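Below: one structure, written as structure tokens.
The values are calculated or read from the model by the stated rules, or taken from the named source; none is laboratory data. Just so it is clear, the model here is predicted, and its values are computed rather than measured. Heads up, the Cβs are rebuilt from the backbone with ideal geometry, glycines too, and the neighbour counts pull from every protein chain shown. The accessibility values were calculated without ligands, DNA or RNA, using every heavy atom of the protein model including side chains. Shrake-Rupley method; radii C 1.70, N 1.55, O 1.52, S 1.80 Å.
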Amino acid sequence: MVKPKIAPSMLSSDFANLASEAERMIRCGADWLHMDIMTFIQRMGSHFVPNLTIGAPVIESLRKHTKAYLDCHLMVTNPLDYVEPLGKAGASGFTFHVEVSKDNWRELVQKIKSNGMKPGVSLRPGTPIEEVYPLLDDENPVEMVLVMTVEPGFGGQKFMPEMMDKVLALRKKYPSLDIEVDGGLGPSTIDLAAAAGANCIVAGSSVFGAPDPAHVISLMRTSVENAQTIS
């Protein structure tokens, strides 16, 4: 049975008070802090997402103020370039997208691990779940899969329940895998994700916008625990 991990998305926090926001989330019961790293770097005429967020300098600054697990999700076209800077900055997990790593994922996974981070792979809603299987079946596998339940790039989007088929398939094939979901998670959608087998829950506006964030975090954890008991 995999442990529930609730990861508030710091993209929804007050960036002017990032350290205090991180402390508040941990005090409210968060297990991880989810850090979205997006760029506008172009490759072959395209870019992965249309906006910019935090990078290694912010991770380094935040690390001085927290011992929390910093769950970094890289929505970039060139994740290999970010491994060493994020490792030195103090990132805990490094999740890259399968769509931009088809040619070098083995090198990427090895480099992530050698820089002291936990490797994960993510996929966009339109990407078949089968594309991550080779990364899980390899001799040196990734240790987490992040199933995007919205299109990456912006917070506050509507949860896509059809993505739960991917979570179900993953949980059936890999019972002990950390399976993360990100996008539109909150009190109204957590039960669907938990029942499908997700155990790592990223939630942004539903936590930071709540009158009582601790209650929302507790509710989501309980949903995951109850689903595991039933299954």
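Worth pointing out:
- Coil-residue GluC sites (Glu not before Pro) of region 146-231, DSSP, other Cβ within 10 Å capped at 11: none
- Sequence-distant aspartates and glutamates (8 or more away, or on other chains) whose Cα lies within less than 19 Å of LYS166: GLU99, GLU130, GLU131, ASP137, GLU143, GLU151, ASP178, GLU180, ASP182, ASP191
- Around GLU151: net Lys/Arg minus Asp/Glu count, Cβ-Cβ under 14 Å: -2
- Candidate lysines for bridging to LYS5, where Cα separation is under 18 Å - those fewer than 8 sequence places away on the same chain excluded: LYS67, LYS118
- Volume of the Cα convex hull of region 59-164, divided per residue and given in Å³: 112 Å³
- For region 133-231, applying the loop criterion from DSSP together with a ceiling of 16 other beta carbons within 10 Å to the trypsin sites (Lys or Arg not before Pro) yields LYS158.
- Accessible-area order (highest first, 1.4 angstrom probe) of the listed residues SER12, SER223: SER12, SER223
- Applying 1/(1 + (r/R0)^6) with r as the Cβ-Cβ distance of ALA16 and LEU80 and R0 = 25 angstrom yields a FRET efficiency of 0.20.
- The Rg/Rh ratio for region 156-221 is 0.98, where Rg is the radius of gyration of the alpha carbons and Rh is the Kirkwood radius.
- Residues ASP71, ASP31, ASP165 ordered from highest to lowest accessible area at a 1.4 Å probe: ASP165, ASP31, ASP71.
- Rolling a 1.4 Å probe over the protein heavy atoms gives region 62-109 an accessible area of 41 Å² per residue.
- Dimensionless Rg/Rh of the chain - Kirkwood Rh, Rg from C-alpha atoms: 0.93
- Protein heavy-atom surface of the chain, 1.4 angstrom probe: 53% of the accessible area is carbon and sulfur, with nucleic acids and ligands not counted.
- Average accessible surface area per residue within region 157-207, 1.4 Å rolling probe, Å²: 40 Å²
- Of the beta bridges in the chain, as assigned by DSSP with both residues counted there, near 5 percent are antiparallel.
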